[in-house]
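The block underneath contains the structure these notes are about, expressed in structure tokens.
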Amino acid sequence: MTTLFQQLINGLSLGSIYALLALGYTMVYGIIKLINFAHGDIYMLGAFWGYYTINYWHFNFIFALLSAMVVCAASGVIIEYFAYRPLRHAPRITALITAIGVSYFLENGMSYLYGADTRDFPQVIKQVNYNLWGVRVSNIQILILVTACLLMILLQLIIKKTKMGRAMRAVSVDPDAAELVGININQTISFTFALGSSMAGAAGVLIGLYYNSIDPLMGMTPGIKAFVAAVVGGIGSVPGASLGGFLIGLLETAVQSIGLSAYKDAAVYLVLIIILLVLPSGIFGKNVKEKV
Amino acid sequence: MTSLLNVEDLVKNFGGLTAVSDVNMHLDDDELVALIGPNGAGKTTLFNLLTGVIVPSSGSITFRGTDGTISLNGMKAYKIANLGMARTFQNIRLFKELSVLDNVLIAMTAHYKEDFFQSVFRLPRFYKTESQIRKEAIELLKIFELQNDLDKLAKNLPYGIQRRLEIVRGLAMKPKVLFLDEPAAGMNPEETADLTRLIRQVQRDFHITVLLIEHDMSLVMNLASRIYVLDHGSLLAEGTPTEIQQNKAVIKAYLGEEA
Amino acid sequence: MILKANWKYNLCWLILMVAGFYLMNTLILVGIINSFLENMMVTIGINIILAVGLNLVIGFAGQFSLGHAGFMAVGAYATAIMISKTPTAGTFYISIIVGVIVAIIAALVVGIPTLRLRGDYLAIATMGAAEIIRIIINNLKITNGPSGMFNIPQFATWPVVYIMVCVTTIIIVNFIHSRGGRAALAVREDEIAAESMGINVFKWKLAAFVLGAATAAVAGSMQASYLQTIAPSNFNIMESIAILIIVVLGGVGSITGSFVAAGILGVVDAALQNFGALRMVIYALVLILIMIFKPSGIMGATELSFKRLFNRKNKKVGAKS
Amino acid sequence: MKKSTIKRITGFAAIAMSAAIFAGCTTAKTTTQGNDQTGNTVKIGVNMELSGAAGGYGNQMKQGIQMATKEINSKGGVNVNGKKKKIKLIIKDDKTSTSTSASVAAQLVNNDKVNAIIGTATTNAGTAAIPNETKAKVPALSPSATDPNFTLQKDGKVQPYVFRACYQNNFQGGTGAKFIYNNLKAKRVAVLGDNSTDYGTGLSKSFKRQFKGKVVDTQYFSAGDKDFNAILTDFKNKKIDAIYAPGYYSEIGLIIKQARQIGLNVPIVGSDGMADAKLVQIAGAKNASNIYYTTPFSQTVAKQNPVAVKFMNAYKARYHTDAPTFSALAYDSTYMIKQAIENEKSANSVKITKGLANIKDFNGVTGKISIDGKHDANKPIAVEHLNNGKVVGSTQIK
């Protein structure tokens, strides 16, 4: 029984990481229908920013986290401006290839400049384990879980309650109509990228701290998993992304705990396919039918 | 003899909204029937139900095929099409990036066979069927004076010609019934007059039943032998053009209370 | 009438293929093409087979598949396993057929459920399916797990690959210009209109998908026997993406484009070997810049066509007289 | 109509025929005597994973090779039959891809006419390069390809032009098995191996084959995984005495960290992929206790080995960090080629091959190396013991 709870905690803590990353995917996809392959690499940039500022500029944790969010937001906006904006009216597959190009550029650019080695993240917060009825939880696990939930609520508030959020929703439904009613599309999309990328930046620092290991290719695997999570949850939906993240985290943990670790990724993809077959737009996705 | 197409108590609900309610109608061989009604009356929805694009909530649609009457309820759209029901779309749905000839050839897909190996290895049989089918398509296009545009992309044709090509494409399916969804929309009077001639010609030469949705009353009154009037999803009236012109309910629906 | 016109074009293509073969052969005999260049060209050839097959699925049937490497893996392992057991040329050719058959079965198993999905959802589902295939191969005993298989006898010499490039391209191009290909194009253009024209949309999607998978298996067989080494990691998501890049770079819907892009990328890849860690940075930048300045790819949707060349000439002659 | 088809078919037949004929011609002409040494340099090609999945390890090897070359050249170069020739490195990236590796090998042996090749880091990329190397009769020495069959042909005969400077999996896995059973007296062991490379699975398999106790559970992970809590929680319930975890330091470091954090304190035994200072940094010094790994490059043993001491100091001076095993193996590989040239008094590639096959008691950073009949590197193996992140002892295993 304790083991079951322990595995549940393990799954939730892994899931909160995917959820954190999936939020950024879902926002960008929601607004310009682009699978932003570079999102995982922005997360990597965030982790490296944290690494360097803490090690060399001796930032404290909160300041490193916030500055990483700002830096990642800026890089997200810059990437959108140079790589995606010129392609806004091009075929979507072209934009996708560009996103892959940006991803390669960031991964290999960082490898070239700083080396492809794994390095250890400075442990600015001492890890403390709490023992609750035999179940172990660490303070950093709780921190990540709480941050993921807070950011999700914050995002939902921004989207539902603010003027910018309204603009985002309008652009995602019909950019042309949104422009007609006076919404500045470029600004709205930039803002979305800033928001999504700052999530990735926060995730980078938190996860760097949690696992204590970062490298230039660290965004690749979680990036794809997080995208799968976003799709499972219904891409474009904020609660969906979080739910998808937790679902994938729990699933991976479950598969590993029953001893099928070699097939853990296969199980994730299998569940993805099954969910899409039953719900073609994911759990919270809206199924838009073409009007005849 | 039963009607070619028979619709009984047809209902379609979208969530809480009833788009089509208790519609009864029939189409007989070789007649030209019009379906009119104000915007949002459910005309296109009815078309979509008849052609299998959407599935009815209740009621029945039956079709007199070569071997007996067949129920079309829940049948896949392509199967219904292959029974002999062709259609055009309100917002032209040609294969835009393909040539005029390809548009017509695609519509003929069900009417010829090409074995995979024949076509991939270009066996003699392939060339034979291909030249036959092309000849047929070109002849059809000739009737509608499109023979000089064979290799043009559909998207590059003028609007009126696109409408015409869509009708030709429907005819290439060798249908028994042709559904035309607002064929005169966006046309000037001259083009509309052309279209009227065209539809008449189609009906005369090909001996098919035509069901026509149209807002242009002159065209409808000119062409149709019978008219169905749809309002708020249900049938308001049915009759010959003269009957409909004098029907109080129809006038009310079209012109509002004061009339 | 059509026939007479067609055999002229067919002959042109045939001459081009044979001439290409003899040109390459002569260059090898006089030593201009050494084994490095031969290696590069064979790699380009294999990439052409892959890209042409994927282009059929994406460019002509309009189905966004990201799982091409999975089917390639099926063909590669079929060949590797069979010719490692009985290393004869006969087994090699049988193994290609076996690979194709298994790939067709795999494509049916993957395609029948997933081809109901659209756009990016289909992409992510096919990507998942390909990963499942790879993970299974990675954990099987007969495939030797992650170590992969090596010391595979080489039967796929460059002439074999050359002929396979020709054969698969002929098959796919001929398919596109036939009843089935036109139906697939209709599906790409407008599913609803295609359906109302009596076209079984799902069937033709599946046909294109399966044919694409079958050619991918051929490419896999070629690679396994030419390189004499395969490992599951050769067939991961990145490989599927690499094939997709060739297709998009060349032009979605242009077979000629796939040829051109596979050639250019093959040369660029060989040239960048000297740049070490910088190579992928340059590659990424080139990719981004081409996409921004040529969003529809190098060739757009245009094809090299002898028919058009002839017609243009005829028109000119006609204008003069 | 018929005509065109027939033409087409005959055309195809023509292609097929000529293909068959000329295929014979093209392969028949490649009979070389290997690449001779020309000019004032000995050309050594480096076919290495500088980008892609194994890019990190490949770059460490590149550093080792460059260091060795610089040292040799600063002393005048390699002594080729009395004349000092400088080494010219030609470094090319194979992207951790089999097809690129084959292409790199072809370019090195044909265009650059190298006399020997160092590489590759991984078995898969290495085997893809073998046909081209064999055709050109140029030897390839891999610093770290560990699959037992890497140096063997299909029929079990040795690959004439392929060598390695590291242990093969059976040897190292067997040593791990002996150590856990005999020295740690552990009877119930769980295996947690890297399933994305031949290295992790190869070691897992050979360990399981040779371990005399009970292997309670075998689980796998992939390179790039970061969360092992689920597997470790599962292990914790299985009452195991030790974990055998073959893989690279980036993942094993995390496994150690997470195992200790959930209170799983059994010994964790690994392989030479762990022997890197980064292991302790990632795991945390406090967590890195009760850790053992098989390695040729023991820091304690190295203190008695002057070559190793020199290497470690030089590496630290140049790169400001402790030398990783991969750099050491690559460094040794470079010197082994130098040794082969000097023994044979020739830098012809076929001669170098012969020289490499005959290397005996070569004094390397990673121990006294002899190449055996299977072109494997025989050298002593040690098990290092970490406590609180420090190497506290090492055991020689016979």
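Using alpha carbons only, how many degrees (0 to 90, rounded to 10) separate the axis of helix D:249-261 from the longest principal axis of chain D?
Its long axis makes an angle of about 20 degrees.
Tell me, D:Met48, C:Met17, B:Met217, C:Met291 in order of fewest to most beta-carbon neighbours within 10 Å? Spell out each step's value before the answer.
Details: D:Met48 31, C:Met17 19, B:Met217 15, C:Met291 27.
Fewest to most other Cβ atoms nearby, the residues stand as B:Met217, C:Met17, C:Met291, D:Met48.
Nearest 20 debye, what's the magnitude of the dipole of the protein assembly as shown about its Cα centre given +1 on Lys and Arg Cβ and -1 on Asp and Glu Cβ?
Details: 119 positive and 81 negative charges, 854 e Å.
Rounded to the nearest 20 debye, it is 4100 debye.
Rounded to a whole number, what is D in µm²/s for the stretch B:1-83 from Stokes-Einstein with the Kirkwood radius over alpha-carbon pairs (37 °C, 0.692 mPa s)?
Numbers: Rh = 13.3 Å.
The calculation lands on 248 µm²/s.
Going toward the positive end of the dipole of the stretch D:56-127, with +1 on Lys and Arg Cβ and -1 on Asp and Glu Cβ, which of D:Asn79, D:Gly126, D:Asn115 do you reach last?
So the residue we want is D:Asn79.
Charges on Cβ only, +1 for Lys and Arg, -1 for Asp and Glu, centred on the Cα centroid of the protein assembly as shown; of C:Phe36, C:Trp13, A:Phe59, which one is farthest towards the dipole's positive end?
So the residue furthest toward the plus end is C:Phe36.
Determine Rg/Rh for the stretch D:169-295; Rg is computed over alpha-carbon atoms and Rh is the Kirkwood hydrodynamic estimate from the same atoms.
On the way: Rg = 12.7 Å, Rh = 13.9 Å.
Rounded to two decimals, Rg/Rh equals 0.91.
What's the average, rounded to a whole number, of partner chain beta-carbon atoms within 10 Å of each residue's beta-carbon in D:380-393? Don't jump to the answer; show the numbers that get you there.
Values: counts 0, 0, 0, 0, 0, 0, 0, 0, 0, 0, 0, 0, 0, 0.
Mean inter-chain Cβ contacts per residue within 10 Å come to 0.
Rounded to the nearest 10 degrees, what's the angle between the helix D:306-319 long axis and the longest principal axis of chain D, both from Cα atoms, 0 to 90?
80 degrees
Quick one: dipole size for the stretch A:1-120, taken about the Cα centre, charges +1 on Lys/Arg Cβ and -1 on Asp/Glu Cβ, in debye to the nearest 20. Intermediate results must be reported in sequence, preceding the final value.
Numbers: 5 positive and 5 negative charges, 86 e Å.
My answer is approximately 420 debye.
Using the count of nearby Cβ atoms within 10 Å as a rough guide to exposure, how do D:Val191, A:Val181 rank from fewest to most?
Numbers: D:Val191 25, A:Val181 9.
Least crowded to most crowded, the residues run A:Val181, D:Val191.
What is the average number of partner chain Cβ atoms found within 10 Å of a Cβ in C:39-45?
Average neighbour count from other chains, rounded to a whole number: 3.
Could you work out the helix-only [θ] at 222 nm for the protein assembly as shown, with each DSSP H run of four or more residues adding -39,500 (n - 2.57) and the total divided by the number of residues, to the nearest 500 deg cm²/dmol?
Calculated mean residue ellipticity at 222 nm is -18500 deg cm²/dmol.
On a straight-distance basis, which aspartates and glutamates could pair with D:Lys278 in a cross-link, Cα separation under 14 angstrom, same-chain partners fewer than 8 positions away excluded?
A:Asp117, A:Asp120, A:Asp215, D:Glu251, D:Asp322
At q = 0.15 Å⁻¹, what base-10 log of I(q)/I(0) does the Debye formula yield for the stretch A:18-215 when every alpha carbon is treated as an equal point scatterer in vacuo?
Reported log10 I(q)/I(0), two decimals: -0.92.
Can you give me the angle between helix B:124-143 and the longest principal axis of chain B, using Cα atoms only, in degrees from 0 to 90, rounded to the nearest 10?
40 degrees
Could you tally the net charge around A:Leu154, taking each other residue with its Cβ under 12 Å from the Cβ of A:Leu154, Lys/Arg +1 and Asp/Glu -1? Write down the numbers at each step before the final one.
Numbers: positive: A:Lys160, A:Lys161; negative: none.
Computed value for this residue: +2.
What's the center-to-center distance, using Cα atoms, between the stretch D:153-178 and the stretch D:229-268 in Å?
Value for the Cα centre distance between the two parts: 28 Å.
Counting only residues 5 or more places away or on other chains, whose amide H sits under 5 Å from the amide H of B:Leu4 once H atoms are built in the peptide plane?
Those qualifying (amide H under 5 Å, at least 5 residues apart or on another chain) are B:Leu27, B:Asp28, B:Asp29.
Stick to the Cα atoms of chain D, pair each with every other, and give me the Kirkwood hydrodynamic radius in Å at one decimal. Intermediate results must be reported in sequence, preceding the final value.
Numbers: mean 1/r = 0.0452 Å⁻¹.
One decimal place: 22.1 Å for the Kirkwood radius.
For a quick size check, give me the Cα extents of chain B along its three principal axes, largest first, whole Å.
Sorted from largest, the Cα extents of chain B read 68, 41, 37 Å.
Can you grab the distance from the C-alpha centre of the stretch A:213-292 to the C-alpha centre of the stretch B:89-158, Å, no decimals?
43 Å
How big is the gap, in Å, between the Cα center of the stretch B:1-62 and the Cα center of the stretch D:64-113?
79 Å
Roughly how big is the stretch A:18-215's charge dipole about its Cα centre, with Cβ charges of +1 (Lys, Arg) and -1 (Asp, Glu), in debye to the nearest 20? Write out the running numbers ahead of the final one.
Working: 12 positive and 9 negative charges, 120 e Å.
It comes to approximately 580 debye.
Any chance you could list P(r) for the protein assembly as shown, counting all Cα-Cα pairs in 10 angstrom bins from zero, rounded to whole %?
Bin by bin from 0 Å, the calculated values are 2, 9, 16, 19, 18, 15, 10, 6, 3, 2, 0, 0.
Could you work out the percent of alpha carbon pairs in the stretch C:34-314 separated by over 34 Å, rounded to a whole number?
On the way: 6665 of 39340 pairs.
I get 17 percent for the Cα pairs in the stretch C:34-314 exceeding 34 Å.
When A:Lys126, B:Lys96, D:Lys75 are ordered from fewest to most other Cβ atoms inside 10 Å of their Cβ, what list results?
Numbers: A:Lys126 7, B:Lys96 16, D:Lys75 10.
By the 10 Å Cβ count, ascending, the order reads A:Lys126, D:Lys75, B:Lys96.
Which one, A:Gly109, B:Tyr78, D:Ala102, is farthest towards the positive end of the dipole of the protein assembly as shown when Lys and Arg carry +1 and Asp and Glu -1 on their Cβ?
Result: D:Ala102.
Compute the longest continuous run of chain A that contains no exposed chymotrypsin sites (Phe, Trp or Tyr not before Pro); treat a site as exposed when its DSSP state is not H, G, I, E or B and it has at most 12 other Cβ atoms within 10 Å. Present the calculation step by step, with values, prior to reporting the outcome.
On the way: sites that count: A:Trp57, A:Trp133.
With a cap of 12 other Cβ atoms within 10 Å, the longest stretch comes to A:134-292.
Given the options C:Ala216, C:Ala123, C:Ala193, state which has the largest fluctuation in a GNM of chain C using a 10 Å cut-off (strictly under) for Cα springs.
Maximum among the listed residues: C:Ala193.
Using Cα springs under 10 Å in a Gaussian network model of chain B, which residue among B:Pro189, B:Pro38, B:Pro241 shows the largest mean-square fluctuation?
Of B:Pro189, B:Pro38, B:Pro241, the Gaussian network model singles out B:Pro189 as fluctuating most.
Read the figures in this text as sums done on the coordinates, not as results from a lab. What you see is a predicted model; the values in this text were computed from it and never measured. Positions of Cβ are backbone-derived with ideal geometry, glycine not excepted, and every protein chain shown enters the neighbour counts.
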